[in-house]
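S.K.: Below is a structure I'd like to ask you about.
The values are calculated or read from the model by the stated rules, or taken from the named source; none is laboratory data. This structure is a prediction, so every number in the text was calculated from the model and none was measured. In this analysis, Cβ positions are derived from the backbone assuming ideal geometry, glycine residues included, and neighbour counts consider all displayed protein chains.
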Amino acid sequence: MRRSKAAVSVEVRQVIGALCRLLAATGLHAVPAPETFRRAKFGGGLEVEDQFWQLLTSILQSTGIVPCEAFNQLEGVSKHRKLVAAGLWQTGYHADWVSGGEGGEGGQGGRFSSRDLLLALGWLLATGTLEKLLTHRVQQMDNILLTPIPVNPQLSSELQLHSASLRKLQWLIGSLKYQGQILLSMQEERTRLLHAVLFAILQTSVSSPDQSSTVLREECVCVQQLCDLLEAYLNWKQVENVFWTWMDSVVDCHLTDPVVEKPTHAPNGITRVCHHGNRGLEKFEDMILRLPRGQKGQRRGRGDAEDRGERGERLQGGSDTSSLPPLLSSLPSLPTLPQVYRAKLQTEKPIKRGFRPAEVPHSWPETPDELPSSQATQLLLHAEALLLERRDRQRLANRIQLQEMVGKLDELVLIPP
Amino acid sequence: MSLLSVVEQAIKSCKAEQARIKDSIQLYREILHTVTPQPNTDCVESDSADDATAADTDVSPGEKEDIELLEQALEKALWVRTGTGPSKKGSNKQCAPRKETKEGMQAFAASKGNQTTTRSTSKSASLARKEQKRPAGIVHHQPARKSQQAVSASGCVDPGQLHTSAFHSKNKTNRGNVLSGNDLGRAAAISMPSSNNTAPVSHTAESGAPCLPQQNGTASDQTAQWRSLRRKQNRLWDKVAASQRKPVPGRSHFMERIRATFPKDWPCGSPDQTRALVDRLTHQGYDLIQHCQTQELVAKQTPETATEPGGKTLERWQMTAAELQNFAGQVKQEWEAWDRWRPEGGCLCPTRANSVWSNGMVAPLPPTVTYTTEAELRELEKLRMRVALLQQKMHLEQALLDTLSPQLSSIVPGPGCPDVSVLRDVYSLLGEGGQRFPAIVLDSEPD
């Protein structure tokens, strides 16, 4: 028995309502009403488009997909357009109006409508933006998370040092080391208190302390908001599939309209430079050049032939760089550790979920949501060992080179400590 | 940009992190103080008189001198501060310089003393009471501070109290300073004051505070409410994590259909993935280069060691290097493909804030780390901090090497003696991490 169209549309509206509630709970301000979504499917006017521009902009800014500083000098509609275009490209989305040139007021032929924006939103949601928003909000609201430690300075490529300021440099480095020690001891204190808080949550003491504080009240408010957010997310997950079915119908609408010729190549061949000056690529190429070469003739030749072969493949459909060749994957690499954790005190015996405790993971397992601290500690120890090894190797190389250099000087003799 | 400013920036970011940690510590203390019963405060307050006299005799005369000297210096500083007048309560501008001097004083105190000790809350409470009894001129500055402090719930800690605690504290550790300072601020602001001069001021300030809740009944409700909310949040998190494990076919179907509308030479994945891959390969490549280089250098230095094992590993390195080169070629093409389509403002440079996995599909939610004993959690956090600091150190050492190597290569043998102290400094920075120094001797014997 086919469900009536009305019933389906009511369900869709409810589902979209759940999505809107979830988006609002993550702290976004510009969430349109569910009705606006339906209008967008059939090409609502500028007003609808505006609302979606706002929504997309605020999503991209909150999740940090787009570095905001690149767009600060722009204002108004063109700012939205450029920011959204950059953000969508960053997630791997293509649409005519995204990579259209400057005159792209509607791409080729002015066929841009709010449906395109709706599809872009769908793409963002499908590629995990909701989870990013959730993480961002949780980090803002929750006080008992283990947060990242941002102590790395930004390095630019041109650094200078006068030999006269070496003393000051040494002093600064010593001072930095001291700051690090302070950090370690403060961190220890914080962890001790964090454990006490987590323990206090699990307690069921009946005695009523006669203290009350504004801090606790604020905490309660924040935690309430967090609970609302998590509940909204759970609701959404339950009805998610209905939304995707509806988005499928939007894609159908999009495809059945007379379609403009898809470009099969990039609009312009000018390689622009990003606002970092393509630093990453330069470093990469520099590394490739400095790689030790084996028996030059044969390897180079083989390498070229393989490259050409690969290029041929690529024209058909993109070579797969998602898996590393065997030797490379056996190279030790620093495990990518997630930035934010949630700590959970377990008082009862944990359920074994098939982890073999003797197995030491060398990288963060693909999608674990829960990890015993012993494994996390192992990972960190492994990372630390790698880093120390690298550091000591570099220092050894430096020492040897310096000793050689001083050895060449006639009158000086270097006696290492 | 000067290398000095880079190190200064690193120091600044460390200090910022310290401020954040201090705020958290303050927050947790307040929560704990409110939520857990404190049976000790009453008896400790009555003991405070005894404590003060007992504490005085514990301080050795030498330390006392130092303390007095510093106290005088601090008094002067505080007089200058209060001369400018207390501005808005908890304003950030005032907080920052306060934190600066606090750290200066901590530096001094820490240089005297040593490692970490655990302190019980009763001891901290007793120290807090002891501070209030100090007859020094500093005490009468405290009320001015406290009236600002009592109402603000943010973490800006009173420097006057901190300074006194820094010098009168027996522990003389950084942690000790932070603890006693915080305790003092908190104890003064929140607990029922039963001790002397400073008490009435803070009490009136507190009664003037807006919307203080009623006492006992709602207080215990609040605690219970907080507990139940937190537990509810834990349960919800578990459910959210469980929901992540379920596949969502509708979503993948939608993505397939959208991908079908992309042009034919559209690369796989996303720029973010390519970016992460480039970053990873760059690091692995440099690691490999460093390995080979060091091995060659060591082999040159000690030619008598057998080259047989060295030969094998060298060959393996070379094969890996060749593989890396090929793969890097592919990745570079992918990069260029992305670059062709790049709109203004998009960026492919590796940033630090990447939460993309190498298979890059969905950035997962923060994982949960479960632990059973406090020691486990402490070890985990300690390791995290150590790894972060180590990475910072290595960044800087690499920057140092890159900066200094052109200068070094310009030192050629020949007439004119290069600056010996410069050579010593450079050797220690590059070869020993700045911790030990070589000796350079002038060898003026004729050959």
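S.K.: When you scan segment A:20-36, do you find a residue that is touching a Pro at 6+ places or on another chain (Cβ under 7 Å) and either of a type in the set (A, V, I, L, M) or touching a residue at least 60 places away in the same chain (Cβ under 8 Å) (or both), even just one?
M.R.: no
S.K.: Continuing with the same structure: Would you be able to say whether some residue in segment A:350-359 is facing chain B (nearest Cβ under 9 Å), closer than 24 Å to A:Leu146 by Cα and at pLDDT below 80?
M.R.: The answer is yes, given that some residue of segment A:350-359 is facing chain B (nearest Cβ under 9 Å), closer than 24 Å to A:Leu146 by Cα and at pLDDT below 80.
S.K.: Kindly check whether there is at least one residue in segment B:256-275 that is within 26 Å of B:Asp402 (Cα to Cα), under 34 Å from the mean Cα position of the chain (by Cα) and buried (at least 16 other Cβ atoms within 10 Å of the Cβ).
M.R.: For segment B:256-275, residues within 26 Å of B:Asp402 (Cα to Cα), under 34 Å from the mean Cα position of the chain (by Cα) and buried (at least 16 other Cβ atoms within 10 Å of the Cβ): present.
S.K.: Looking for something surrounded by fewer than 22 Cβ atoms within 10 Å (Cβ to Cβ) and modelled with pLDDT of 85 or more - is there at least one such residue anywhere in segment A:62-76?
M.R.: yes
S.K.: Taking the stated definitions as given, is B:Ala224 surrounded by fewer than 18 Cβ atoms within 10 Å (Cβ to Cβ) and either facing another protein chain (nearest Cβ under 7 Å) or within 30 Å of A:Ser213 (Cα to Cα) (or both)?
M.R.: yes
S.K.: When you look at B:Pro247, is it more than 30 Å from B:Pro37 (Cβ to Cβ) and over 37 Å from the mean Cα position of the chain (by Cα), yes or no?
M.R.: Yes.
S.K.: Is there any pair with a first residue in segment A:158-169 that is of a type in the set (S, T, N, Q) and a second that is assigned to a helix (DSSP H, G or I) whose Cβ atoms are under 8 Å apart and which are 6 or more apart or on different chains, and what are they?
M.R.: Close Cβ pairs (under 8 Å, with a partner that is assigned to a helix (DSSP H, G or I)) amount to A:Gln160/B:Leu3; A:Gln160/B:Thr403; A:Ser163/B:Gln407; A:Ser163/B:Val422; A:Ser165/B:Leu4.
S.K.: When segment A:371-413 is examined, which residues are found to be in contact (Cβ under 8 Å) with a residue 12 or more places away in the chain and under 16 Å from B:Leu297 (Cβ atoms)?
M.R.: Listed by number, the residues that qualify are A:Arg399, A:Leu402, A:Gln403.
S.K.: When you scan segment B:1-8, do you find a residue that is within 14 Å of chain A (Cβ to nearest Cβ), in a helix (DSSP H, G or I), at pLDDT 65 or above and touching a Phe, Trp or Tyr at 6+ places or on another chain (Cβ under 9 Å), even just one?
M.R.: no
S.K.: A:Val77 - would you say it is part of a loop (DSSP other than H, G, I, E, B) and among the β-branched types (Val, Ile, Thr)?
M.R.: Spelling it out, it is not the case that A:Val77 is part of a loop (DSSP other than H, G, I, E, B) and among the β-branched types (Val, Ile, Thr).
S.K.: Related question: State the number of residues belonging to segment B:254-297 that are more than 25 Å from B:Lys332 (Cα to Cα) and either touching a residue at least 12 places away in the same chain (Cβ under 8 Å) or more than 7 Å from every other protein chain (Cβ to nearest Cβ) (or both).
M.R.: 3
S.K.: Which one of these is touching a helix residue (DSSP H, G or I) at 6+ places or on another chain (Cβ under 6 Å) and modelled with pLDDT under 90: A:Val215, A:Val259?
M.R.: A:Val215
S.K.: Filter segment A:153-162 down to the residues that are surrounded by fewer than 16 Cβ atoms within 10 Å (Cβ to Cβ) and at the interface with another protein chain (Cβ under 7 Å from one of its Cβ atoms) and list them by number.
M.R.: A:Ser156, A:Glu158, A:Gln160
S.K.: Within segment A:129-152, how many residues turn out to be assigned to a loop (DSSP other than H, G, I, E, B), surrounded by fewer than 21 Cβ atoms within 10 Å (Cβ to Cβ) and facing another protein chain (nearest Cβ under 7 Å)?
M.R.: Matching residues across segment A:129-152 total 3.
S.K.: Among the residues of segment A:274-305, which ones are at pLDDT 60 or above, part of a helix (DSSP H, G or I) and facing chain B (nearest Cβ under 7 Å)?
M.R.: Hits for segment A:274-305 are A:Arg279, A:Gly280, A:Leu281, A:Lys283, A:Phe284, A:Met287, A:Ile288, A:Arg290.
S.K.: Of all residues in segment A:1-50, which are at pLDDT below 90 and either in contact with a strand residue (DSSP E or B) (Cβ under 9 Å, 6 or more places away or on another chain) or basic (Lys, Arg) (or both)?
M.R.: Correct list: A:Arg2, A:Arg3, A:Lys5, A:Arg38, A:Arg39, A:Lys41.
S.K.: Next question. Where the second residue is at pLDDT 85 or above and part of a loop (DSSP other than H, G, I, E, B) and the first is within 12 Å of B:Glu344 (Cα to Cα) and lies in segment A:75-90, which pairs have Cβ atoms under 8 Å and are six or more apart or on separate chains?
M.R.: Final answer for the pair search is none.
S.K.: Just one of B:Asp339, B:Asp443 is on the phi < 0 side of the Ramachandran plot, facing chain A (nearest Cβ under 7 Å), surrounded by fewer than 20 Cβ atoms within 10 Å (Cβ to Cβ) and modelled with pLDDT of 80 or more; which is it?
M.R.: Checking each option against the conditions leaves just B:Asp339.
S.K.: How do the pairs read when you match residues in segment B:11-29 that are more than 7 Å from every other protein chain (Cβ to nearest Cβ) with residues anywhere that are of a type outside the set (Lys, Arg) and assigned to a helix (DSSP H, G or I), using Cβ under 6 Å and keeping only pairs 6 or more apart or on different chains?
M.R.: As it stands, the answer is B:Gln26/B:Asn182, since those pairs meet every condition given.
S.K.: Among the residues of segment A:389-410, what is the count of those that are more than 7 Å from chain B (Cβ to nearest Cβ) and within 35 Å of the chain's Cα centre (by Cα)?
M.R.: Looking only at that region, the number is 2.
S.K.: OK, next. Those residues that are more than 9 Å from chain B (Cβ to nearest Cβ) and closer than 30 Å to A:Gln140 by Cβ, I need them from segment A:230-260; list them, please.
M.R.: Hits for segment A:230-260 are A:Ala232, A:Asn235, A:Trp236, A:Val239.
S.K.: Additional query: Select, from B:Gly346, B:Gly311, the only residue that is modelled with pLDDT under 65 and not hydrophobic (A, V, I, L, M, F, W, C).
M.R.: So the residue among B:Gly346, B:Gly311 that is modelled with pLDDT under 65 and not hydrophobic (A, V, I, L, M, F, W, C) is B:Gly311.
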